[in-house]
Amino acid sequence: MQFNGRAHKFGDDVNTDYIISGKYKFKTLDMKKLAKHVMEDLDPHFYEKVAAGDFIVAGTNFGCGSSREQAPLAIKYAGVGAVLAKSFARIFYRNAINTGLPVVECDTDQLEQGDELYVDLTAGVITNRTKGITIPAKPLPTVMIKILNDGGLAPHFKKHGGFNL
Amino acid sequence: MGRTIIEKILSAKSGQEAYAGDIVVAAVDYVMGQDGTAPLAIRAFNDMGGTAVFNRSSVAFVIDHSAPSPNEGVSALHKLMREFAGNCGFCLHDIGTGVCHQVLPESGEVGPGYLIIGADSHTCTYGALNAFSTGVGSTDLAGGMISGQMWFKVPETIKFVCSGVLPAGVYSKDLILHLIGDVTADGATYMSTEYVGEAIEAMSQEARFTMSNMAIEMGAKAGLMEADEKTFAWLRRFTTREFTPVTADHDAVYARVREYDVTKLEPQVARPHRVDNVAPVSREAGKTIHQAVIGTCTNGRLEDLRIAAGILGGRKIHRDVRLIVAPASRRVFLDAMAEGIIQLLVEAGAALVTPGCGPCVGTHNGVPADNETVISTANRNFKGRMGNSSAEIYLASPATVAASALTGKITDPREFL
Ligand code: SF4
């Protein structure tokens, strides 16, 4: 799994209310509509700025708060290729894998707003092309790679008729 | 090698000796979804090719987050849930039954030693009943509904030893806020927690739920307690089921053990916009508030309403404050009526709303105006949480919220004891 795109930088403790506010998520199952509001309390123009394949880059505890799966889905439907953070809240992390959104744990201090990145998930390497440096990424546990390779937990279940981990 | 509570429950449910770090596929005893998460789970259920739930008596939906429905979009999702539950033949707790985390324990379906997954982050609440219950997303919920299973990474555990006696006017909410402020919002990420010590033993079962409810606010997967006579007395009101309690071994291995003496603890508040931004009430006293909220899965139980009524009874709230009260469940509402608590609260000026989540998550029932300040008994004060990102939210105990509603300012409840 490889991705090319620009970094959109956020801080620590980006919670699920910031990712997609509760006031939207209860109204619809249309993720394309929800995606328009992704991150809007932190950056009202994020949806317009983000190009397909771009990365959200954040500090610690990304996705803390609610169990809303609309959070990783809204990010995915906004076109984001992967989320890179120092650490993730556990429910968000599971939800991201289950919905097929790659999440990468790495040291994000040397990734800045607008940097051009190349992320190789299989090799566990992030290349910051703007700065000409590489950063190691924490490898995903096998269970998660299996789910991600199937495209998420729903396709995994459909393919295997249950858990096949 | 000794095992923690969560290692024992996950061992029993997976049929293998499980220790922290292992990945297991475990059988779940109960599966729950609410109206913010169930609609997506229904979609995932269909995408997975699901045709039936693994056991009709082990699955429930609760309509509590936007209940009754405030608009057509939500109404359509509620209808989808009703039809799906009806077709599959499992239980749906409709509007007015209460917040899922009060409804489930009251249903008698969860108890010591059980493994429960709920598509709501505060599912960790039933840890106070000695159950491993944890929040998951909609796709995990769908997988659980179909298979009755779920994969887990067995977590390490942080043990909180709380000794001493809580002073008058200081409650379990103050203690858990203090612990969260101390370990921070991600201090227990990927981990389980256990609460022990004489301060926990002295608490009522209702007060214990508040502690376990907020384990997720330090990132934890679970907030576990051992079961005692109070736990069983509480359970016996709702079920005749037999449960096998689970205790930690004396030589269990903990990631960390933290000790607290609660004897000198003061009432606490979490300040905007982080749950771990905690300070003693005295430091924020005098800050003007516009809305006060008593309710939610954290502090909407009978004991909480009783404490609030003890302060509000025979008095009137400040003329510039709205006080919203949402009993955690219909059962709580009925018990509070029978005790005369509702009468006292309404006479004091409270606006009662339907048992359920109330204004907690910003969908209805009291969205604050721009730049207003709210003090609430809930568990989260994130920016925008109550539906307006320019509002400020403080979190506190029912006593502190009640006292603040009387004065119109953040107030130490001990002034009214
Ligand atoms: S009361 Fe608030 S925190 Fe509890 S389940 Fe409802 S929305 Fe979530």
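The values are calculated or read from the model by the stated rules, or taken from the named source; none is laboratory data. Everything numeric here is computed off the predicted structure, so don't read it as measured data. Here Cβ is always computed from backbone atoms with ideal geometry, including for glycine, and neighbour counts include all displayed protein chains.
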**OP:** Could you please give the count of residues in the range B:100-127 that are of a type in the set (A, V, I, L, M, F, W, C) and either free of Cβ contacts under 8 Å to residues at least 40 places away in the same chain or within 14 Å of the ligand (Cβ to nearest atom) (or both)?
**Re:** 5
Original post:
Can you name the number of the only condition in (1) surrounded by 17 or more Cβ atoms within 10 Å (Cβ to Cβ); (2) more than 16 Å from the chain's Cα centre (by Cα) that A:Ile19 fails?
Top reply: (2)
Subject >> Members of the range B:63-82 found to be in contact with a Leu (Cβ under 9 Å, 6 or more places away or on another chain), buried (at least 23 other Cβ atoms within 10 Å of the Cβ) and farther than 22 Å from B:Met145 by Cα, listed by number >> reply: B:Ser66
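Would you mind stating whether A:Asp150 is within 14 Å of chain B (Cβ to nearest Cβ) and charged (D, E, K, R)? Spell out the reasoning first.
On the way: within 14 Å of chain B (Cβ to nearest Cβ): yes; charged (D, E, K, R): yes.
Yes, satisfied.
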Subject >> The lone exception for B:Cys91 - which of (1) more than 16 Å from the ligand (Cβ to nearest atom); (2) more than 14 Å from every other protein chain (Cβ to nearest Cβ); (3) closer than 22 Å to A:Ala154 by Cβ it fails >> reply: (3)
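When you go through B:Gly340, B:Gly356 one by one, which is the residue that is of a type outside the set (D, E, K, R) and either more than 16 Å from the ligand (Cβ to nearest atom) or modelled with pLDDT under 95 (or both)?
B:Gly340
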Original post:
Hey, among the residues in the range B:37-62 that are crowded, with 16+ Cβ neighbours inside 10 Å and hydroxyl-bearing (Ser, Thr, Tyr), which one's farthest from the ligand (Cβ to nearest atom)?
Top reply: B:Ser58
Subject >> Considering residues of the range B:359-385 that are modelled with pLDDT under 95 and under 24 Å from B:Met218 (Cβ atoms) only, the residue farthest from the ligand (Cβ to nearest atom) >> reply: B:Lys383
Subject >> Unmet requirement for A:Thr60, which otherwise passes all of (1) of a type in the set (Val, Ile, Thr); (2) out of contact with any strand residue (DSSP E or B) (no Cβ under 9 Å at 6 or more places or on another chain); (3) surrounded by fewer than 23 Cβ atoms within 10 Å (Cβ to Cβ) >> reply: (2)
**OP:** Being within 16 Å of the ligand (Cβ to nearest atom), crowded, with 21+ Cβ neighbours inside 10 Å and closer than 20 Å to B:Lys221 by Cβ narrows it down to one of A:Ala71, A:Ala96, A:Ala85, so name that one.
**Re:** A:Ala71
**OP:** For the range B:128-137, name all the residues that are away from the ligand (no atom under 15 Å from the Cβ) and of a type outside the set (Phe, Trp, Tyr).
**Re:** B:Leu129, B:Asn130, B:Ala131
**OP:** Could you run through the range B:387-413 and say how many residues are surrounded by fewer than 24 Cβ atoms within 10 Å (Cβ to Cβ), farther than 15 Å from B:Lys173 by Cα and not small (Gly, Ala, Ser)?
**Re:** 5
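Can you give me the number of residues within the range A:37-49 that are part of a loop (DSSP other than H, G, I, E, B) and more than 13 Å from the chain's Cα centre (by Cα)?
7
Okay, residues lined up against (1) in contact with a strand residue (DSSP E or B) (Cβ under 8 Å, 6 or more places away or on another chain); (2) modelled with pLDDT under 95; (3) closer than 18 Å to B:Val136 by Cβ:
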residue: B:Ser75; (1), (2), (3): no, no, no
residue: B:Leu80; (1), (2), (3): no, no, no
residue: B:Cys91; (1), (2), (3): yes, no, no
residue: B:Cys100; (1), (2), (3): yes, no, yes
residue: B:Gly108; (1), (2), (3): no, no, no
Subject >> All positions within the range A:31-49 that are modelled with pLDDT of 90 or more and acidic (Asp, Glu) >> reply: A:Glu40, A:Asp43, A:Glu48
**OP:** Answer with yes or no whether A:Ile126 is outside any loop (DSSP other than H, G, I, E, B), within 14 Å of chain B (Cβ to nearest Cβ) and of a type in the set (A, V, I, L, M).
**Re:** no
Original post:
For the range B:300-326, what are the residues that are in a strand (DSSP E or B) and not charged (D, E, K, R)?
Top reply: B:Leu323, B:Ile324, B:Val325, B:Ala326
**OP:** Please enumerate the residues belonging to the range B:133-159 that are assigned to a loop (DSSP other than H, G, I, E, B) and crowded, with 24+ Cβ neighbours inside 10 Å.
**Re:** B:Val136, B:Gly137, B:Pro155
